[in-house]
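Take a look at the structure below.
The values are calculated or read from the model by the stated rules, or taken from the named source; none is laboratory data. As the structure is a computational prediction, the values presented were derived from the model and not from experiment. Please note: Cβ atoms are built from the backbone with ideal geometry, for glycine as well, and neighbour counts cover all protein chains shown.
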Amino acid sequence: MFYDNLLYVCRNILVFLVMNKTKILSKILFAISRSLGWIYLLIALYGAFSWITDTNIQNDDARTIINYPLTAVSFLILENNWSYLFFAFLIPFFAYALFFWLLSNVFKVFYQDKLFTQPNIGHLKRFYLTNIILPIVLVMVSSFFIAIEKGIFIIVTLHLLLGVFIFIISEIFDQGLSLQNEQDLYI
């Protein structure tokens, strides 16, 4: 009797997971990406605050070490100049905070009850436009102030590919919304 009940419960849990796997996975990835967005934002804000107010910092000629809050343990090791701080630290950290925030909105799309809506298409559009335009602009502007490493171009290419992929998904969602609206007119 006990094993029959246990088997029944396990079967129901498995059916629930299989039927809702996209929603469950989307919620998990939403939470992870939103958390990463907050972490990047807080690190950028803490680094900027420490640099500007000269709080919790150790300076020498070549580098600036920002310590963990209220400790003497090194947290961020940066070159000791404003162009490096701005173009190699702050802009990338704020850009990745934005990236993960927009990515979390993309995952949020996939656990909604209704997928094909204008706000969901808007989330996808903001994500692909940001991934297609922002990395190129940031690298071009930053190249005037700091040396750009070759590995950055691989990252930019990955963002472009991700942007194109989400653009395709956005177009599919747009078609789905059109078909859904046509279906609603017939009912």
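State whether one or more residues within the stretch 131-138 are β-branched (V, I, T), modelled with pLDDT of 95 or more and either at positive phi or surrounded by 15 or more Cβ atoms within 10 Å (Cβ to Cβ) (or both). Checked against the condition, which is being β-branched (V, I, T), modelled with pLDDT of 95 or more and either at positive phi or surrounded by 15 or more Cβ atoms within 10 Å (Cβ to Cβ) (or both), the stretch 131-138 yields at least one hit.
Taking the conditions exactly as written (polar (S, T, N, Q), touching a helix residue (DSSP H, G or I) at 6+ places or on another chain (Cβ under 7 Å) and under 24 Å from Q183 (Cα atoms)), does N131 satisfy them or not? So N131 fails the test. Go through the residues of the stretch 110-127 one by one and say whether even a single one is closer than 24 Å to F87 by Cβ, part of a helix (DSSP H, G or I) and out of contact with any helix residue (DSSP H, G or I) (no Cβ under 7 Å at 6 or more places or on another chain). No: the stretch 110-127 contains no residue that is closer than 24 Å to F87 by Cβ, part of a helix (DSSP H, G or I) and out of contact with any helix residue (DSSP H, G or I) (no Cβ under 7 Å at 6 or more places or on another chain). Looking at the stretch 164-180, can you tell me whether even one residue there is among the acidic types (D, E), in a helix (DSSP H, G or I) and touching a Phe, Trp or Tyr at 6+ places or on another chain (Cβ under 9 Å)? Looking for residues that are among the acidic types (D, E), in a helix (DSSP H, G or I) and touching a Phe, Trp or Tyr at 6+ places or on another chain (Cβ under 9 Å), one finds at least one in the stretch 164-180, hence yes.
Taking the listed residues F86, F110, F93, the one that is more than 25 Å from S35 (Cβ to Cβ), surrounded by 15 or more Cβ atoms within 10 Å (Cβ to Cβ) and in contact (Cβ under 8 Å) with a residue 24 or more places away in the chain is F86, with no other qualifying.
Of the numbered criteria (1) touching a residue at least 24 places away in the same chain (Cβ under 8 Å); (2) crowded, with 16+ Cβ neighbours inside 10 Å, the one H123 fails is (1).
Only residues that are touching a Phe, Trp or Tyr at 6+ places or on another chain (Cβ under 6 Å) and either closer than 16 Å to D54 by Cα or of a type in the set (F, W, Y) (or both) were counted in the stretch 69-84, giving 2. Exactly one residue among L70, L78 is at pLDDT below 95 and touching a strand residue (DSSP E or B) at 6+ places or on another chain (Cβ under 6 Å), and that residue is L78.
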